[in-house]
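K.L.:
Below is the structure I would like to discuss, written out as structure tokens.
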Amino acid sequence: MNLKSFYILVLSFFIGYSVSAEDLKIDNNNTEINFYTGLFDFSHGDKNSSLFGVQHRNNDLIRNTFIGKLSPVSGAMITADNSTYFYTGVQAQYKIGLLNFTPSFTPGYYDSGNGKDLGHALEFKSEVQLSVDMPKSTQLGFSYNHLSNGTIGDKNPGANSYMFNFLKKF
């Protein structure tokens, strides 16, 4: 990882987690964990791999903004080919009855392991998730994401993935 990539990653971490005391929303269930599993790089049949991941969100850090509720998220995923992705960023939340629409943007560190080489250690994940509220502070959902280095690497093949999500507030 070069110095420029490192600074971008550190800056995105601090932007994602900078909140003022008056913007905090306190909730009894202040932690949300998202467990997900799916198929990494499903659009390339010869390079796809199953994946598993976990994501954390602290509900105390939700900010109400003019574009909706924003909150920082952090997580990690691993594929069956030992590719790993560690990320932190921001997600928005839009609620329509029992349905939740959650887009997110999370830069992070990617290591290809024995899997697909995405061209750079710094990758950007853009994701959309649809989930349904269930009893006992849980949600079931489906999400789609695209991983790309934004052409900062020598190559930028990208990877498209889909996941099934189980979210639980504690």
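K.L.:
Would you point out the residue of the stretch 107-128, among those that are in a strand (DSSP E or B) and farther than 15 Å from LEU51 by Cβ, that is farthest from the chain's Cα centre (by Cα)? Before the answer, list the steps.
P.N.:
Of the stretch 107-128, the ones in a strand (DSSP E or B) are 107-111, 122-128.
In the following step, the residues that additionally are farther than 15 Å from LEU51 by Cβ were identified as 107, 109, 122, 124, 126, 128.
Numbers: PRO107: 8, TYR109: 12, LEU122: 14, PHE124: 9, SER126: 7, VAL128: 9 Å.
Among those that are in a strand (DSSP E or B) and farther than 15 Å from LEU51 by Cβ, it is LEU122.
K.L.:
Does GLY141 satisfy the condition of being at pLDDT below 95 and surrounded by 14 or more Cβ atoms within 10 Å (Cβ to Cβ)?
P.N.:
no
K.L.:
Suppose we keep only residues that are free of Cβ contacts under 8 Å to residues at least 24 places away in the same chain and not basic (Lys, Arg) within the stretch 87-117. Which one would you say is farthest from SER143 (Cα to Cα)? Explain how you work it out, then say what you get.
P.N.:
The first filter runs over the stretch 87-117 and keeps only residues free of Cβ contacts under 8 Å to residues at least 24 places away in the same chain, leaving 95-97, 105.
Among the residues that remain, those that are also not basic (Lys, Arg) are: 96-97, 105.
Details: ILE96: 17, GLY97: 19, PHE105: 13 Å.
Checked the stretch 87-117; the qualifying residue farthest from SER143 (Cα to Cα) is GLY97.
K.L.:
Find the residue count for the stretch 77-94, including only residues that are crowded, with 16+ Cβ neighbours inside 10 Å, in a loop (DSSP other than H, G, I, E, B) and among the small types (Gly, Ala, Ser).
P.N.:
Counting residues in the stretch 77-94 that are crowded, with 16+ Cβ neighbours inside 10 Å, in a loop (DSSP other than H, G, I, E, B) and among the small types (Gly, Ala, Ser) gives 1.
K.L.:
Could you check the stretch 38-76 and list, in sequence order, the residues that are assigned to a helix (DSSP H, G or I) and buried (at least 17 other Cβ atoms within 10 Å of the Cβ)?
P.N.:
Initially, the stretch 38-76 is screened for residues assigned to a helix (DSSP H, G or I), giving 59-61.
If the condition is that a residue be assigned to a helix (DSSP H, G or I) and buried (at least 17 other Cβ atoms within 10 Å of the Cβ), then ASN59, LEU61 are the ones that fit.
K.L.:
Would a scan of the stretch 127-139 turn up a residue that is under 16 Å from ILE33 (Cα atoms) and in contact with a helix residue (DSSP H, G or I) (Cβ under 8 Å, 6 or more places away or on another chain)?
P.N.:
Filtering the stretch 127-139 for residues under 16 Å from ILE33 (Cα atoms) gives 129-139.
Among the residues that remain, those that are also in contact with a helix residue (DSSP H, G or I) (Cβ under 8 Å, 6 or more places away or on another chain) are: none.
The answer is no, given that none of the residues of the stretch 127-139 is under 16 Å from ILE33 (Cα atoms) and in contact with a helix residue (DSSP H, G or I) (Cβ under 8 Å, 6 or more places away or on another chain).
The values are calculated or read from the model by the stated rules, or taken from the named source; none is laboratory data. Only a predicted model underlies this, so the values are computations on that prediction, with no experimental measurement involved. Because the Cβ atoms are built from the backbone with ideal geometry, glycine has one as well, and the counts that use them run over all protein chains shown.
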